[in-house]
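What follows is a short report on a single structure.
Just so it is clear, none of the values below were taken in a lab; they were calculated from the coordinates. Note that this is a predicted model, so its numbers are computed, not measured. So basically every Cβ, Gly included, is an ideal-geometry build from the backbone, and we count neighbours across all protein chains shown.
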């Protein structure tokens, strides 16, 4: 199904890639850990990660720096320019998550930075189904996004993940693994692809 509205991020973006990254660089310079997403992903010890909706590659760059095999995909060419400048050895791809075919699979896929709620409305199920095709058996789809009225609900996200053949493994309220609060405004969800077709 083709969405009838444009990608929310491309429609509303108001910062450049360098400006976006500068905020995190200032926070890091002040001593803050700005790599909570990478820490979270690394806990599962994947060898390969697809940074889906990678933007400037902030998460993917850090995972690559830690020795993981990373590919980043995004629809925003300007954000990818920043990613390529800062980590030219990482494989960055300009593509739509709903249709991209990377001809390979990954141990984990991470969608940080509110990717799920920046998608073109109506494309969410297609995106989850397509990225799931890139998961190894037993692989993990890890997504963090805000829960807001009128946006993708956690119940709908779980339904979409289930339709793609994924099962919820764990859920937290933050990338720092604060306990899940169903009344909270943020969710980090880990869904697993079955290790075999019999599961």
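Things to note:
- Ranked by the mean number of other Cβ atoms within 10 Å of their residues, highest first, the peptides 180-191, 38-49 fall in the order 38-49, 180-191.
- Counting other Cβ atoms within 10 Å as a rough exposure proxy, the listed residues 19, 173 run 19, 173 from fewest neighbours to most.
- Ratio Rg/Rh [Cα only; Rh per Kirkwood] for the chain: 0.93
- Length-normalised contact order for the chain - Cα pairs under 8 Å, 6+ apart - percent: 20
- Considering only the chain, percent of DSSP beta bridges that pair antiparallel, nearest 5: 45
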